[in-house]
Structure formats: structure tokens, C-alpha cells
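Below: the structure, in C-alpha cells.
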Amino acid sequence: MARDICAVALAGGGSRGAYQAGVYQALQECGIGFQIVTGTSVGALNGAMMVQGDLGEMLTLWQRITAQDVANVDIDKAIESPVAGAVYAEFLKKAVRSGGVDISGLEALMRAVVDEERFFRSPTDFGLVTVEYPSLHPVVMKKRDIPRGRLCDYLIASASCFPAFPVHQIGESRFIDGSYHDYLPINVAVELGATRVIAVDLEAVGLRQRPRIAPENLTMIRPSHPLGPFLMFEPDSARRNIRLGYLDALRAFGKAEGGWLTFRAGEIEALRQRLHPMLEKAAQLLGEPDGESLWRLLFERQLQQIRQREGDWFERAVLDLGEWYALDDEALYTADGFCYELLLRFNAGEAGESAEIAEVLSRAGSAVQLAQQAAEFGHQRLVAHLYAGIRDFSYGNGERGALCRGAAVLQREAACAMLLFALKRTLAQEI
């Protein structure tokens, strides 16, 4: 039987590399071992620290690093500027004027955190990607091929983001960023003998090679949220990206679930089962024959989908509510914690049915047209409007036809309103 060899492949992406520190934290917490690490650009630097087993060092580095530490560029004012892209302006201007900004700070950082003795003594194999300049010939440096005393040089070569960073010279050869050839070196891991690869994408710029590994043996971890500009070397941004990497990795490893929000594994399904009786009651209540025929037909189709695929629509509604009501996207939720935070925000903003929304939904037009017109009110007001309609109708008030019309037009908001109705009724019964 072939030996199972797990590799971690790390993409390039500048300051977004903090995300990979969070993934490494999750790997250790979940007890997932690896025998190979490959990286390009910032992924190579992170990979070297993973080979050394330096989680603490990696976390400390990312939580303290600033743009001046990396490229000797003062972008504090640019970061505070309301102008989009201002973060890059000073950096790019200086790069153009000087043929690449001064990265002596980056070199000093690498030499401070990379311990060659520990790196080469580690049983974990390693590979990085750089590109020879000006031929643009790709160069893969494997651990066994890196000369002693040159490890930091090749890490810098892999991260020389030309033309913003200068070309890096090693002996007679000159090198630029490995992302010019392979931004996420999955295939390097395969060449080193990996049978499984955990690949950490940063959704940054770079060329990609088609993975030469079966999909079932490749675990892709991608950011669920934007990680910010690639030059945002700033402690608060790094702390957030570390947390996002940790949560996304927990989901990839089956220890958590969700999307925009993260839940402990099994919590969303547990909540669905808890609310199922009241969800079914709401569907039965709204499914009684009445109302305008066209909208009735559309809504009946929606109800049918809800009943047939309750788990799918329920999870989507949970995540929509979390996003629309601005719940903490860095938290790891239980069902109870989610319900508490959601109702805290919903009850604070609940406004009941809106005559303005009702007027828009009563206009002539297609469902798509009406949904576009209603969008100006925002998700929270639309959900509150539909929730109030469902609640009032359950007490024998309101018009089913108008409610069905609104639900057929605003399907995602209607699903959220049904979930809130079921949640509040269920909690009232449990008291």
C-alpha cells in the first residue's frame, strides 16, 4: 500500500499571507500533519517557518509587521485616505522612480525569523518557485538543492515582486517573483512526492498551473471574505486575516461549517431540526389556497423548494441573516449564540410592515423588476416587512395575496422572514 504523504502548498499574496498563519494554526489544532511544504513569494516565507515548526514566531511576525518594515515606504497617510487605491500610490511612484523600492527591511525580517540550521534539520521537505530574469525561465528550488547560506536569498528571490520590488541577484543569476510562473505551487508538492495536497489560495495576482493531482486528493482553502490590498501590512488587518484563515481552514477540515459566518460543525443542522416544526407550520399556513393566481403559483413553487430542500435554503437563510444584520464574522458560533446575537439586532431594528414597501410590491411588473425596485429599502427593512406580514397573518390579520406576492418577489428575504418567525415562536414555546 502506497504511503500517504500530505503537503501544504502556499500561494503568494503579500500582506494577505497573514491568512496562511491562521490556516497553520488550524492545522496544528486539528492535529493534521504534513510532510511537505511548498510556497511562492510570501507563501515561501510562511512555508519556511512551517518547516521549522514556528507557529508562534509566524503569528508574532504577522501581528507586528508594518509596510515600512517590508518596503521602507510610509503609507500611514495613504491608508487613512478615502481615495480608493491610495495605499498603492506612494509605493508605486517610488518603485517607478528608483527601479524598485528598498526591501532591505524585508531581507532583515527574513534573516531574523529563518533559522537555517533548524530548517535543514527538519524532516519536512520544502520547495519554492522563483523565475530567472530576463529569460523568465521558471526555477524550482527544492530543499535538497538550496545551498547552505543561501536559503534567505532564494526566499527573497521568490518574493521579488518586480517591477515594484527590485530584481534579486544570487551569484551570476537574477531572479523575480515566482508568481510570474506558478502562484500556487501544487505541482511542486506533487513532484516532491505528495499524494494529498492542502492548497491555501490568497486570491492574488499570478500565473497558475493546472494541478496534476486528482481532485479528491486536493483540499482547496480560499478566503470567504476579502483579505484587503496586498500591501496592507498593518496589525489590525493581519489579526483579522489570521482569524479568517483559521475559520476557513476549520471548515475545510470538517470542524466547522458555514460561509460568511462560521458555526461549529453540526450546529446549523441542529438549529434546523429545532425549528422544523414551526417552519412546517409556517409553510402550511402560507400554503393554503388564496391570492392572485400568478404570484400564488410562483410562491407555491418556492414553498415546494423550501420543503424539498429545507437544509439548503435554511443554511442560506442563516448566512444571509448573519451578513445582513452584521453579526461578527470572526466568531465561531453555536446555534444558541447565533440566535441570541441575531435577535438582539433584529429586535433593535424591527419596524413592522412598511406602506412604502407594500406600494412598490403592488406595482405592475415582473418579479425581477419589482425586486430591483424594492432593493433600495435594504435587506433589513425588507425582512422586517415580510416577517411582520407572516406574524400578522398567523394571528388572522393581513392579506395572504399581498404576502405571497411579496414573498415570490423577495425570495431570499422571505426565507429569512420565515426563519425568524419560526425562531421567535419556537423560543416563546420553550420558555
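The values are calculated or read from the model by the stated rules, or taken from the named source; none is laboratory data. For clarity, every value in this text was computed on a predicted model and none was experimentally measured. All Cβ positions, even for glycine, are placed from backbone atoms using ideal geometry, and neighbour counts span all protein chains on display.
Please go through (1) of a type in the set (A, V, I, L, M, F, W, C); (2) within 23 Å of L285 (Cα to Cα); (3) more than 34 Å from the chain's Cα centre (by Cα) for V383 and return the number of the only condition it doesn't satisfy.
(3)
Hey, does segment 342-351 have a residue that's buried (at least 20 other Cβ atoms within 10 Å of the Cβ) and more than 30 Å from L250 (Cα to Cα)?
Among the residues of segment 342-351, not one is buried (at least 20 other Cβ atoms within 10 Å of the Cβ) and more than 30 Å from L250 (Cα to Cα), which makes the answer no.
So, L136, is that one hydrophobic (A, V, I, L, M, F, W, C) and under 23 Å from Q25 (Cα atoms) or not?
no
Within segment 388-414, which residues are buried (at least 24 other Cβ atoms within 10 Å of the Cβ) and in a helix (DSSP H, G or I)?
Across segment 388-414, the qualifying residues are G389, L403, C404, G406, A407, A408, V409, E413, A414.
Considering each residue of segment 14-42, count those that are part of a loop (DSSP other than H, G, I, E, B) and either in contact with a strand residue (DSSP E or B) (Cβ under 9 Å, 6 or more places away or on another chain) or of a type in the set (S, T, Y) (or both), and give that number.
5
Quickly run through segment 348-388 and pick out the residues that are closer than 20 Å to M418 by Cβ and either in contact with a His (Cβ under 6 Å, 6 or more places away or on another chain) or modelled with pLDDT under 90 (or both).
If the condition is that a residue be closer than 20 Å to M418 by Cβ and either in contact with a His (Cβ under 6 Å, 6 or more places away or on another chain) or modelled with pLDDT under 90 (or both), then G349, E350, A351, G352, E353, S354, I357, A358, L361, A367, L370, A371 are the ones that fit.
If a residue has to be closer than 15 Å to A249 by Cα and surrounded by fewer than 24 Cβ atoms within 10 Å (Cβ to Cβ) to count, how many in segment 3-34 make the cut?
Of the residues in segment 3-34, 10 are closer than 15 Å to A249 by Cα and surrounded by fewer than 24 Cβ atoms within 10 Å (Cβ to Cβ).
Please enumerate the residues belonging to segment 375-387 that are within 12 Å of W324 (Cβ to Cβ) and buried (at least 21 other Cβ atoms within 10 Å of the Cβ).
L382, V383, A384
Residue by residue through segment 315-360, note down the ones that are hydrophobic (A, V, I, L, M, F, W, C), in contact (Cβ under 8 Å) with a residue 60 or more places away in the chain and not in a loop (DSSP other than H, G, I, E, B). Can you show your working first?
Taking segment 315-360 as the starting set, the residues that turn out to be hydrophobic (A, V, I, L, M, F, W, C) are 317-319, 321, 324, 326-327, 331-332, 335, 338-339, 342-344, 346, 348, 351, 355, 357-358, 360.
Right, trim to in contact (Cβ under 8 Å) with a residue 60 or more places away in the chain and you get 317-319, 321, 324, 327, 331-332, 335, 338-339, 342-343, 346.
Across segment 315-360, the qualifying residues are A317, V318, L319, L321, W324, L332, A335, F338, C339, L342, L343, F346.
Quick one: would you say L227 is modelled with pLDDT of 95 or more, of a type outside the set (G, A, S) and touching a His at 6+ places or on another chain (Cβ under 7 Å)? It would help to see each step written out before you state the result.
Details: modelled with pLDDT of 95 or more: yes; of a type outside the set (G, A, S): yes; touching a His at 6+ places or on another chain (Cβ under 7 Å): no.
So L227 does not fit the description; no.
Suppose the filter is surrounded by fewer than 19 Cβ atoms within 10 Å (Cβ to Cβ), out of contact with any Asp or Glu (no Cβ under 9 Å at 6 or more places or on another chain), modelled with pLDDT of 85 or more and within 21 Å of F421 (Cα to Cα); does A270 pass it?
Numbers: surrounded by fewer than 19 Cβ atoms within 10 Å (Cβ to Cβ): yes; out of contact with any Asp or Glu (no Cβ under 9 Å at 6 or more places or on another chain): yes; modelled with pLDDT of 85 or more: yes; within 21 Å of F421 (Cα to Cα): yes.
So A270 fits the description; yes.
Within segment 359-374, can you find the residues that are surrounded by fewer than 20 Cβ atoms within 10 Å (Cβ to Cβ), within 24 Å of R316 (Cα to Cα) and of a type in the set (A, V, I, L, M, F, W, C)?
A367, V368, A371
Suppose we filter segment 130-163 for residues that are over 27 Å from Q35 (Cα atoms) and either touching a strand residue (DSSP E or B) at 6+ places or on another chain (Cβ under 9 Å) or among the acidic types (D, E) (or both); how many remain?
8
Across segment 139-167, what is the total count of residues that are of a type in the set (G, A, S), part of a helix (DSSP H, G or I) and in contact with a His (Cβ under 8 Å, 6 or more places away or on another chain)?
Of the residues in segment 139-167, the ones of a type in the set (G, A, S) are 149, 157-160, 164.
Restricting the remaining residues to those that are part of a helix (DSSP H, G or I) gives 157-158.
Subset that is in contact with a His (Cβ under 8 Å, 6 or more places away or on another chain): 157.
So the count comes out to 1.
When the residues of segment 164-179 are narrowed to those that are within 27 Å of the chain's Cα centre (by Cα) and crowded, with 23+ Cβ neighbours inside 10 Å, which ends up nearest to E257 (Cα to Cα)?
The extreme case among them is S179.
Taking A326, is it closer than 30 Å to L244 by Cβ and not polar (S, T, N, Q)? Give the derivation first.
Values: closer than 30 Å to L244 by Cβ: yes; not polar (S, T, N, Q): yes.
Considered against the rule, which asks whether it is closer than 30 Å to L244 by Cβ and not polar (S, T, N, Q), A326 comes out as yes.
Every residue in segment 205-247 that is touching a strand residue (DSSP E or B) at 6+ places or on another chain (Cβ under 8 Å), buried (at least 19 other Cβ atoms within 10 Å of the Cβ) and not in a loop (DSSP other than H, G, I, E, B), please.
Of everything in segment 205-247, those that are touching a strand residue (DSSP E or B) at 6+ places or on another chain (Cβ under 8 Å), buried (at least 19 other Cβ atoms within 10 Å of the Cβ) and not in a loop (DSSP other than H, G, I, E, B) turn out to be I221, G245, L247.
For segment 36-43, does any single residue satisfy the condition of being at pLDDT below 90 and over 22 Å from the mean Cα position of the chain (by Cα)?
No; the residues of segment 36-43 include none that is at pLDDT below 90 and over 22 Å from the mean Cα position of the chain (by Cα).
Residue by residue through segment 184-209, note down the ones that are β-branched (V, I, T) and farther than 14 Å from V140 by Cβ.
The answer is T195, V197, I198, V200, V205.
Only one of (1) under 19 Å from the mean Cα position of the chain (by Cα); (2) in contact (Cβ under 8 Å) with a residue 40 or more places away in the chain fails for E191. Which number is that?
Going through (1) under 19 Å from the mean Cα position of the chain (by Cα); (2) in contact (Cβ under 8 Å) with a residue 40 or more places away in the chain one by one, E191 breaks only (1).
Taking only pairs six or more apart or across chains, which ones have beta-carbon atoms under 9 Å, a first residue in segment 142-154 that is under 13 Å from F126 (Cβ atoms), and a second residue that is in a helix (DSSP H, G or I) and hydroxyl-bearing (S, T, Y)?
So the pair list comes out as I146/Y154.
Working only within segment 248-262, note down all residues that are farther than 26 Å from R196 by Cα and crowded, with 22+ Cβ neighbours inside 10 Å.
Selection gives L261 alone.
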